[in-house]
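Read the structure below first, then the notes.
Here, each number is a calculation from the coordinates, and none is a lab measurement. As the structure is a prediction and not an experimental result, all values here were calculated from the model. Reconstructed Cβ throughout: ideal geometry from the backbone, glycine too, with neighbour counts over all protein chains shown.
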Amino acid sequence: MQIDRAISIVSIAILLSAVFGTDVVAEESKPNVLFISVDDLNDWIGCLGGHPQIKTPNIDRLAASGILFTNAHCTAPACNPSRTAIMTGLSPHRSGLYDNRQKMREVLPDAELLPKYFSRHGYWSAGSGKILHYFIDAPSWDTYFPAKKTENPFPRTLYPKTRPVNLPRGGPWQYVETDWGELDATDEEFGGDWLVSKWIGEQLSEERDKPFFLACGIYRPHEPWFVPQKYFDEFPLKDIQLPPGYKSDDLDDLPPAGKRRGPNRYFAHIQKQNQWKQAIQGYLASITFADAMVGRVIDALDRGPNRDNTVVVLWSDHGWHLGEKQHWQKYTAWRACTRVPLIIRVPKNTPGLSEGTKPGGRCSKPVNLLSLFPTLTQLSGLPDKSDNDGVSLLPLLRNPQAEWSHMSTTFLGDPGSYGISDEGWRYIHYSNGDEELYDTQSDPYEWANLAASPTHAAMLNRFRSRAPQTFARKIPPRDESLTKLKWHVAKDSSAPASKPDGNPFDVVFINRSKSNVELFWMDRQGKPKPYGGIAAGSRKRQQTRPGAVWLITDESQKALGHFVVGDRTAQAVISPPSKKP
Ligand SMILES: [Ca+2]
Ligand SMILES: [Ca+2]
């Protein structure tokens with residue numbers, strides 16, 4: 001009976017492909033794909049050994065059941081370009097999407113995302129949590145939780161009632177989420193990733209008539225680092241060890257561009273507030289919480305009907321600095337920021353790899369997250385998407401020690417700046433021509449920059465000859481896509497004084513009212529300084545800084561309201577005054 005049925009499926013497939021001229025693969029042979037992303041997770045997981053105190057039993061267990069890539073790098077060290085590259089298969093230097101401020105659908109209106117590609121090839125595609133940069137892209141999915149029409153990928157999440165909790169505001173330049181602390185709550189009360197893992201678990205426990213592509217976006221350890229108390233209890237403050245990659249004089253041998261990229265105000269502020277160890281504790285606790293959520297998902301898969309025919313992939317979008325090179329956060333080309341966890345587990349009888357992956361495999365070849373698209377389609381027996389920029393990892397899944405001539409490139413936010421990882425060496429190039437070179441075999445934390453050493457000239461040239469040569473133009477976001485500043489209606493004739501603090505960027509004033517208005521910058525003493533008029537229906541692009549206050553008046557200089565500039569470029573919309581009864 002079984003054999004008859006298999007034969008009849010095959011003959012129908014042959015018949016269909018004869019009639020329609022398409023590659024019809026019998027549905028039953030396609031594996032499911034469970035696609036797990038963990039946001040802002042660096043190599044501080046047990047199996048990568050990035051921090052001696054971390055506890056990630058679930059991710060380690062997953063790694064032990066598949067292949068762990070120990071030299072995997074992000075395509076860009078920021079959420080938006082990294083995730084866009086993964087989901088479209090397109091590299092920033094070809095797509096033009098390089099940084100977080102750009103909008104994926106403005107830069108790439110027609111790009112087909114991974115879930116859409118799978119559903120167009122017979123799959124049911126669904127997701128939950130953060131997969132793209134703070135939006136869902138509803139048309140790319142069959143189903144999402146929360147509902148895709150909301151375009152909000154986050155279920156309800158518990159936050160402290162008053163903030164900040166532990167890190168006082170350093171100034172208007174500071175990202176509002178940089179803070180940490182334990183929550184007196186259960187995982188269930190916390191919601192967020194717990195609800196994501198619950199929903200994903202429910203999907204995994206079902207038998208479906210179609211194979212699935214299921215994306216699980218775990219948000220922690222993205223800031224803010226608030227997670228239930230029990231995860232903080234795992235890492236008592238008195239025992240916290242500093243990042244092993246930290247070296248106080250590490251910047252001395254960097255070129256000017258590297259010296260500028262390293263130190264930032266976050267790290268200086270955290271040290272000044274005596275919060276470094278508390279912050280490390282918050283990051284460790286958030287990772288262990290994320291690990292527990294991954295564990296719930298893996299358990300649901302292993303308990304359910306899809307265990308033996310589901311490819312599992314786990315990745316993080318980029319690494320994170322916690323003081324290494326005097327840096328906090330992301331956006332650098334150093335290994336602390338580019339290296340990511342990447343685990344792939346392939347069951348037997350998968351079309352692209354019938355023998356499956358060998359449990360416990362470790363691969364030290366340089367690989368890139370751009371490879372996920374072609375790897376997953378090849379594993380599933382789907383046709384290659386023709387414009388992918390990455391190479392398939394199938395040879396390495398088959399044999400982690402296979403010959404591998406590829407390098408792995410990570411693109412920074414400005415076109416022409418990038419880092420390249422090889423097996424044992426790393427090269428960094430900044431758009432001004434500055435270079436760094438590291439022997440990561442003997443110097444994994446990149447303490448000794450060898451770019452100036454004549455003995456390594458050949459190695460330097462080797463990287464230069466493999467570097468990308470052309471860079472797509474960076475496409476700026478439309479004014480209307482920028483964050484909106486809050487409009488404070490004038491209560492009297494004035495506005496508060498500016499407290500400018502941070503690097504300059506543009507704000508676009510958009511006058512939607514029917515009258516001309518005047519723009520004034522409030523100086524540090526609270527005195528308005530004229531910056532010209534904005535005619536009705538027109539706009540004005542103005543360079544400014546975090547904490548600046550901009551007053552809007554009518555043509556007789558009667559105050560209408562003001563804007564306070566935040567930590568990023570924004571639009572400031574001047575609306576018609578609401579009619580009073
Ligand atoms: Ca991220
Ligand atoms: Ca150094």
Quick check on packing: order 522-535, 90-103 by the mean number of other C-beta atoms within 10 Å, highest mean leading.
90-103, 522-535
Using the structure shown, select from K325/K365; K325/K499; K230/K277 the pairs with a Cα to Cα distance greater than 20 angstrom.
K325/K365; K325/K499
Value of Rg/Rh across the chain [Cα atoms, Kirkwood radius]
1.00
Using alpha carbons only, what's the Rg to Rh ratio of the stretch 152-302 with Rh from Kirkwood?
1.06
The local net charge around A490, scoring Lys/Arg +1 and Asp/Glu -1 for residues other than A490 whose Cβ lies under 11 Å from its Cβ, equals 0
Would any residue of the stretch 428-452 have its amide N under 20 Å from a label point 7 Å out along Cα→Cβ of S465? List them or say none.
428-429, 435-439, 451-452
For K348 and D253, calculate 0.36 nm times their separation in residues minus their Cα-Cα distance, and state this gained length in nm to one decimal.
29.3 nm
Please give the charge dipole size of the chain, origin at the Cα centre, charges +1 on K and R Cβ atoms and -1 on D and E Cβ atoms. Round to the nearest 20 debye.
1860 debye
Return the long-range amide H neighbours of S125 (sequence gap of 5 or more, or a different chain), with a cut-off of under 5 Å between placed amide H atoms.
D142, T143, F213
Let me test this: with uniform point scatterers at the alpha carbons of the stretch 295-398, what is the Debye-based log₁₀ I(q)/I(0) at q = 0.16, 0.21 1/Å?
-0.82, -1.14
With r defined as the distance between the Cβ atoms of R303 and I240 and R0 fixed at 35 Å, what FRET efficiency is calculated, to the nearest 0.05?
0.50
Indicate the gyration tensor shape class of the stretch 289-353 (rounded, prolate or oblate), computed on the Cα atoms with a ≥ b ≥ c the square roots of the eigenvalues: a/c under 1.5 is rounded; otherwise a/b larger than b/c is prolate and the rest oblate.
oblate
In whole Hz, the Karplus estimates of ³J(HN,Hα) for the stretch 498-514 (6.51, -1.76, 1.60; θ = phi - 60°; x where Gly or Pro) are 6, 10, x, 7, x, 7, x, 7, 8, 10, 9, 8, 10, 8, 8, 7, 8
Spin-label point model (7 Å from Cα, Cβ direction): what's the Q273 to K385 distance in nm?
3.9 nm
Applying a 10 Å radius around every beta-carbon, put 328-340, 439-451 in order of their mean neighbour count, most first.
328-340, 439-451
Students often check this: by mean Cβ neighbours within 10 Å, which of 255-265, 61-71, 452-462 ranks highest, and how do the rest follow?
61-71, 255-265, 452-462
Taking the Cα centre of the stretch 110-161 as the origin, how large is its charge dipole in debye, to the nearest 20, when only Lys and Arg (+1) and Asp and Glu (-1) carry charge on their Cβ atoms?
300 debye
Answer rounded, prolate or oblate for the stretch 220-357, using the Cα gyration tensor with square roots of eigenvalues a ≥ b ≥ c: rounded when a/c is under 1.5, else prolate when a/b is larger than b/c, else oblate.
oblate
Which of rounded, prolate or oblate describes the stretch 369-432 when judged by the alpha-carbon gyration tensor and an a/c cut-off of 1.5?
oblate
